[in-house]
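Here's the structure we're looking at; comments come further down.
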Amino acid sequence: MAIVAKSLKYTKHGEPQDVLELVEQKIESPQAKQVLVKILAAPINPADINTIQGKYPVKPKFPAVAGNEFVGEVICVGDEVKSVETGQHVVPLATGLGTWTTHAVYQEDQVMAVSKNVGLAEAATITVNPCTAYRMLKDFVQLKPGDTVIQNGANSAVGQAVHQLCRAWGINSIGIVRNRPEIEELKQMLQCLGATAILTEEEIRTSDIFKTGKLKRPKLAFNCVGGKSATEVSRHLDNSGVMVTYGGMSREPVTVATGPLIFKDIAFRGFWMTRWSKENYDTPERKQMFKDLCDLMEQGKFVAPVHEMVPLDKFKDAAAAALSFKGFTGKKFILDMSK
Ligand SMILES: NC(=O)c1ccc[n+]([C@@H]2O[C@H](COP(=O)([O-])OP(=O)(O)OC[C@H]3O[C@@H](n4cnc5c(N)ncnc54)[C@H](OP(=O)(O)O)[C@@H]3O)[C@@H](O)[C@H]2O)c1
């Protein structure tokens, strides 16, 4: 079978628009335990950009194909493949697979079949952000219905996943976002996803949202911004509350307020999905997580983050827009290779 793939490759670190090149390469037929996948869609995440820039802890071997997530269709399998079949949709179980390409050969155990009833955008973005939200809600504090979580960057893809899981599990989700001209539309959109309330960074400083007693103080906080935003969010934690830092979009360090640290005994933790996935590659917890997320997606209770599908040859504009230093990008870009 002679297939020529178009792939976004790079041979040195730098800005994506400078170092990525769209190249053609012949793809060999899959061997014993390999699968040949036609990639249908692959998102551009901040970590993908940071990896290309050389600012991420994962360093690829050059020449490298960019990208980590995808949904694809299996078009051919090796003789010994048992867990996936031709025609099925698959998503990655491993990281660093180089997914910004029209076709790729992967090992059978690097991919997992998902139902075709899960939408393309949902499947293409399932393994990073929804899983991060799921693990952070499950693994740090035992939450029960009626409890509250608070997060900054509440409009990020992870933030949108947190709101939707909180709605599904009966947890109050308070989101903090940066102010902007379209703030009312943004608040409405996030509340439609399941946020209990969305406040700007200025509003949360003077808000009495947890003082009236209607909402329990949060036992759990998520931080993907750092700097003053993180400090402010941590001030609202309940006694023995935990703040989990999973991103640093402002590029400012996390500063801890002394009072809440001492008098409320709050704790600060970090989370990295890549580490968790490697440590739990084949565990029942990981299978259960994917089942829960796929079920919610199939039921229409969990949708992909706000996004724009972009043809592969428009990757330069999309990659540059995906991680501007100022932020306010407003949507996730997903490379569309389905046609
Ligand atoms: N640790 C992990 O395992 C893990 C997993 C997934 C994601 N992440 C990290 O989580 C973060 C969000 O990822 P994502 O895919 O959800 O991103 P995304 O959808 O692109 O959203 C980016 C978020 O960052 C905010 N932001 C951007 N620049 C900012 C700045 N200069 N100051 C303050 N806020 C800024 C944006 O808010 P505005 O609209 O206000 O710009 C938005 O809320 C990234 O740092 C990513 O690497 C980590």
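Of the trypsin sites (Lys or Arg not before Pro) found in segment 169-216, those in coil by DSSP whose Cβ has at most 15 other Cβ atoms within 10 Å are Lys211, Lys214, Lys216. Using the Cβ of Gln34 as centre and a radius below 12 Å, the other residues enclosed give a net charge of -4, where K and R count +1 and D and E count -1. Per-residue ellipticity at 222 nm computed for the chain from its helices equals -8500 deg cm²/dmol, with DSSP H segments shorter than 4 residues left out and the rest contributing -39,500 (n - 2.57). The label point for Gln188 and the one for Ala320, both projected 7 Å from the Cα toward the Cβ, are 3.3 nm apart. For segment 129-273, rounded, prolate or oblate, judged on the Cα gyration tensor with a ≥ b ≥ c (square roots of eigenvalues), a/c < 1.5 rounded, else prolate if a/b > b/c? Verdict is rounded for segment 129-273.
Summing charges over neighbours of Pro60, with a neighbour being any other residue whose Cβ is under 14 Å away from its Cβ, gives +4 when K and R count +1 and D and E count -1. Using the Cβ of Arg205 as centre and a radius below 15 Å, the other residues enclosed give a net charge of -1, where K and R count +1 and D and E count -1.
What shape does segment 219-294 have by the C-alpha gyration tensor, where a ≥ b ≥ c are the square roots of the eigenvalues, rounded means a/c under 1.5, and otherwise prolate means a/b greater than b/c and oblate the rest? It is prolate, given that a/c is not under 1.5 and a/b is the larger ratio.
What FRET efficiency comes out for Glu28 versus Thr255 if R0 is 35 angstrom and r is the Cβ-Cβ distance? Round to the nearest 0.05. Spell out each step's value before the answer.
On the way: r = 52 Å, r/R0 = 1.48.
So, using R0 = 35 Å, E works out to roughly 0.10.
Among the listed pairs Lys187/Lys326; Lys9/Lys314; Lys116/Lys316, give every one whose C-alpha distance is greater than 18 Å.
Working: Lys187/Lys326 20 Å; Lys9/Lys314 14 Å; Lys116/Lys316 30 Å.
Those over the limit are Lys187/Lys326; Lys116/Lys316.
Protein heavy-atom accessible surface, 1.4 Å probe, per residue over segment 129-273: 44 Å².
Sites listed here are chymotrypsin sites (Phe, Trp or Tyr not before Pro) in segment 290-339 whose DSSP assignment is loop and whose Cβ has at most 11 other Cβ atoms within 10 Å: Phe325, Phe328.
The convex hull built on the alpha-carbon positions of segment 183-246 has an orientation-averaged projected area of 4.8 nm². Shown here for segment 39-140: trypsin sites (Lys or Arg not before Pro) in loop regions (DSSP other than H, G, I, E, B) with at most 11 other Cβ atoms within 10 Å, namely Lys55, Lys61, Lys82. Per-atom-type breakdown for segment 209-308 gives carbon and sulfur 54% of the accessible area (1.4 Å probe, protein chains only). Within the chain, the proportion of C-alpha pairs whose separation exceeds 30 Å stands at 36%.
For segment 129-273, the relative contact order comes to 22 percent (Cα pairs under 8 Å, sequence separation of at least 6).
The values are calculated or read from the model by the stated rules, or taken from the named source; none is laboratory data. From a predicted model like this one, the values you see are computed outputs, not experimental measurements. Heads up, the Cβs are rebuilt from the backbone with ideal geometry, glycines too, and the neighbour counts pull from every protein chain shown. Side chains are part of the model used for accessible areas, which takes the heavy atoms of the whole protein and leaves out ligands, DNA and RNA. Shrake-Rupley method; radii C 1.70, N 1.55, O 1.52, S 1.80 Å.
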